[in-house]
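Accompanying notes for the structure given below.
FYI, it's all coordinate maths here, none of it is from the lab. Every value quoted in this text rests on a predicted model; they were computed, and no experiment measured them. Ideal geometry is used to build each Cβ from the backbone, glycine not excepted, and the neighbour counts take in all protein chains shown.
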Amino acid sequence: VTVQEKPQEQTPLPTVNEIRVGGSITGHAEANADVYISQTEGFGSYKTIRTDANGNFKWDSIPYTVNAGDKLYFTSKTDGKTESGKVAVTVQEKPQEQTPLPTVNEIRVGGSITGHAEANADVYISQTEGFGSYKTIRTDADGNFKWDSIPYTVNAGDKLYFTSKTDGKTESGKVA
């Protein structure tokens with residue numbers, strides 16, 4: 001009987017968290033393993049990260065050449081084991097920041113509507129929660145807004161709904 005070499009154990013696949021444009025790459029592999037990252041499936045590795053004693057890894061400086069929809073490929077290798085298989089992760093779009101909620105001062109019949117939102121934001125005012133906007137006011141450079149001519153259709157006890165939006169951000173939630 002010929003004695004055979006013990007086959008090498010394969011390093012387990014790394015797990016990679018969601019990747020967003022402009023974000024960092026984080027994940028988990030075996031402790032003290034090398035994690036190889038590539039932009040090509042054929043694996044021309046362009047970054048190697050060593051995991052910590054708990055198996056965590058992080059790369060903060062994703063190259064500017066990585067765009068939403070691109071795939072990044074990951075493998076890992078621990079000393080004494082063969083390299084893991086490949087994991088492919090699709091890069092997601094960076095989520096837009098949400099415009100903060102506007103604040104609205106007390107409103108009285110016959111008075112004006114005043115409040116505060118982000119500077120240079122559009123504040124939308126509606127009499128319906130479904131938001132059929134009937135007035136849009138642009139805030140000033142300090143975020144203040146004022147509407148002097150409240151419609152005669154607004155009565156005591158009515159609810160008005162407010163939301164705001166700043167360029168480059170998603171619309172805020174509603175304030176009633």
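Would you mind working out the magnitude of the charge dipole of the range 48-125 relative to its Cα centre, with +1 at each Lys and Arg C-beta and -1 at each Asp and Glu C-beta, to the nearest 20 Debye?
Details: 8 positive and 10 negative charges, 81 e Å.
Rounded to the nearest 20 debye, it is 380 debye.
Ratio to report: Rg/Rh of the chain, with Cα atoms as the point set and Rh obtained by the Kirkwood method; give two decimals.
1.33
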Expressed to one decimal in nm², the mean projection of the alpha carbon convex hull of the range 103-165 is 3.9
With a 21 Å threshold on alpha-carbon distance, the violating pairs from LYS6/LYS47; LYS47/LYS86; LYS94/LYS169; LYS71/LYS169; LYS135/LYS159; LYS47/LYS77 are LYS6/LYS47; LYS71/LYS169
Bounding extents of the range 15-90 in its principal axis frame from Cα atoms, largest first in Å, are 35, 25, 16
Treating only Lys and Arg (+1) and Asp and Glu (-1) as charged, each at its beta carbon, one finds that the range 103-165 has a dipole about its Cα centre, in Debye to the nearest 20, of 120
In the range 76-172, taking the dipole from +1 charges on Lys and Arg beta carbons and -1 charges on Asp and Glu beta carbons about the Cα centre, the listed residue (TRP147, THR166, GLN96) farthest towards the positive end is GLN96
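Only four residue types carry charge here, +1 at the Cβ of Lys and Arg and -1 at the Cβ of Asp and Glu. Report the dipole size of the chain about the Cα centre in Debye, rounded to the nearest 20.
140
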